[in-house]
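Laboratory data are not the source of any read-out in this text; all were calculated from the coordinates shown. Since the model is a prediction, treat every value here as computed from it, not as a measurement. Because the Cβ atoms are built from the backbone with ideal geometry, glycine has one as well, and the counts that use them run over all protein chains shown.
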Amino acid sequence: MNAQIRILIADDHPVFRQGLRQIIETDAQLKVVAEAADGEQALARLQDTPVDVAMLDLTMPLKDGFAVARAVRELRLDVPLVFLTMHKEEDYLHAALDLGVKGYVLKDSAIIEIVNCLKAVAAGQDYISPALSSFLIRRSKRVAALASEKSALAGLTPTERRILKLIADGQTSREIASTLGIGVRTVEHHRNNMAVKLELRGSHALVKFAVKHQSEL
């Protein structure tokens, strides 16, 4: 990486962009080399201007931050993205991280955090506003739980996976028996075995699991 970290700023408020540039360039290692007033301009600049980090307002005209992030991924542009936003909702953060966004900074703490964020992201690290740290903890727990469920799913036999898929499709045990040409008791036996393997309890737990993992069956 160059000695100076090249930054793109995308925000539809010129006064805010100017203030952000001033804050960023108080650090001699950071240099704003491009600006954009909307998502389409941001995407164009990312394709014609070499930058090390792109900082995008999540809510912009023409293309919002999410749309730009999806386009960056589709075009395989090798530039890490930082979202700068007023949105503190957990769903927004998860959606950003799912798109591969490396930084997520709240606007009300940007003055304090933005320089550290840009440096961290340029160095290949992730940076999330500390105010949202509880969301990251919950996310890591969900990821661990999902990995455990996928591991358990891999332990099912082909017949069990097929039955689980039919359960996800809404079929009853009697309908599954008719579809597969086996007895209802055999279907129930497989259902019980799957519940044990997947450590599921409750009359509807297997159905919920099947629906949740339908795309993987």
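Annotations for the structure displayed:
- The alpha-carbon of Lys119 sits under 22 angstrom from the alpha-carbons of these lysines, leaving out residues fewer than 8 places away in its chain: Lys31, Lys102, Lys107.
- Solution diffusion estimate, µm²/s, Stokes-Einstein, the range 5-133, Kirkwood Rh from C-alpha pairs, 4 °C, viscosity 1.567 mPa s: 92 µm²/s
- Estimated vicinal HN-Hα couplings, Hz - the range 102-118 in sequence order (Karplus 6.51, -1.76, 1.60; Gly, Pro = x): 8, x, 9, 10, 7, 4, 6, 10, 4, 4, 7, 9, 4, 5, 4, 4, 4
- Simple spin-label estimate for Val15 and Ser133 gives 3.4 nm between the two label positions (7 Å along the Cα-to-Cβ direction from each Cα).
- Folded to 0 to 90 degrees: helix 14-24 orientation relative to the chain principal axis, Cα: 90 degrees
- GNM top mover of Lys197, Lys31, Lys63 - the chain, alpha-carbon springs below 10 Å: Lys197
- Bridging of Lys197 to aspartates and glutamates at a Cα separation below 16 Å is possible for Glu149, Glu160, Glu188, once same-chain residues fewer than 8 apart are set aside.
- Cα long-axis angle, helix 184-197 against the chain (0 to 90 degrees, to the nearest 10): 40 degrees
- Within a Gaussian network of the chain (alpha carbon springs, distance under 10 Å), most fluctuating of Val72, Val82, Val15: Val15
- When restricted to Cα atoms, the chain yields an Rg and a Dmax of 23.9, 74 Å, respectively.
- Kirkwood Rh (inverse of mean 1/r, distinct Cα pairs), the range 147-216, angstrom: 11.9 Å
- When +1 charges are put on Lys and Arg Cβ atoms and -1 charges on Asp and Glu Cβ atoms, the dipole computed for the range 147-216 relative to its Cα centre reaches about 60 debye.
- Considering only Ile112, Ile182, Leu164, and ranking their Cα positions along the charge dipole of the chain that arises from unit charges at the beta-carbon of Lys, Arg, Asp and Glu, the one farthest toward the positive end is Ile182.
- The chain, dipole about Cα centre (Lys/Arg Cβ +1, Asp/Glu Cβ -1), debye to the nearest 20: 1080 debye
- The angle between the Cα long axis of helix 133-154 and the longest principal axis of the Cα atoms of the chain comes to about 40 degrees, rounded to the nearest 10.
- Top of Leu75, Leu180, Leu46 by mean-square fluctuation, Gaussian network on the chain, Cα under 10 Å: Leu180
- Label point distance in nm, Ser203-Arg70, each placed 7 Å from Cα along Cα→Cβ: 4.1 nm
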